[in-house]
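Heads up: the structure comes next, in structure tokens.
Derivation of every value follows stated rules applied to the coordinates shown; laboratory data play no part. Note that the structure is a prediction, hence the values are computed from the model and not measured. As a convention, Cβ positions derive from the backbone with ideal geometry for all residues, glycine included, and neighbour counts pool all protein chains shown.
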Amino acid sequence: MLRVAIITLLCALPLIGNANEKRLEQANFPDQLTVDGEQLVLRNASVLNYLFVDVYSAALLAPAEEPLADIAESRRPLHLELFYYREIDRSDVIKAAWVALERQYDQAQLDSLRPGIDKLHATFNDIQPQDRYSLTLDRNQALSLKYNGKEIFQSDDAQLARAYVGIWLKDNGLSDKLRKRLLAER
């Protein structure tokens, strides 16, 4: 019985990889983007699965020469884009963000971040399949949040900007597996 299960799993692995490639093609992330005159290139993209269900794909664009290991703490521009496959209630998105932030920061830091994050969260909508959110940090660490290509939030608070992209790019965020795939050096 165990042998059959292992063989079945090994046979399914190429199908999983192919399914992820199709999902990334569907997301149609940009190969490059210019932010404040600096060229960002698609460094990595991956699919987030939860309980065997594709939830969204994420792509990280950053300067080509920038080491990715500490990109969430660097002072360089970056662009993080999410393309959704499922309906998600905005309250669930907000709850997940706070869970990650509470793992990453102590109470004093959270209290400092809360006003900006609450303003950012107030702009969220319920997510529908094929919706797209993007977070862009410019060279001054200003944050721009776009929903389906339209800017819905902007902040010059560098601490807020780095904390929010850190939900995906720092340890103890939403998904360590996704973070590792986005930050992998090729």
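Once the C-beta distance of Asp111 and Asp176 is scaled by a Förster radius of 25 Å, the resulting FRET efficiency is 0.45 to the nearest 0.05. Charging the Cβ of each Asp and Glu at -1 and of each Lys and Arg at +1, and nothing else, the dipole of the stretch 28-88 about its Cα centre rounds to 120 debye. Counting lysine pairs in the chain that sit 8 or more residues apart in sequence, or on different chains, and whose Cα atoms lie under 25 Å apart gives 16. Which option, (i) 70, 38, 35; (ii) 124, 39, 20; (iii) 57, 34, 29, is the value of Cα extents along the principal axes in Å that was calculated from these coordinates? The calculated read-out lines up with (iii). In order along the stretch 125-131, the phi-based Karplus estimate (6.51 cos²θ - 1.76 cosθ + 1.60, θ = phi - 60°) of 3J(HN,Hα) comes to 10, 4, 8, 10, x, 6, 6 Hz; Gly and Pro are listed as x.
I need the GluC sites (Glu not before Pro) found in the stretch 88-186, filtered to DSSP loop residues with at most 11 other beta carbons within 10 Å of theirs.
Passing both the DSSP loop test and the Cβ count: Glu185.
Taking amide H as placed 1.01 Å from N in the peptide plane, Tyr56 has its amide H under 5 Å from the amide H of Leu48, Tyr85, each at least 5 places away in sequence or on another chain.
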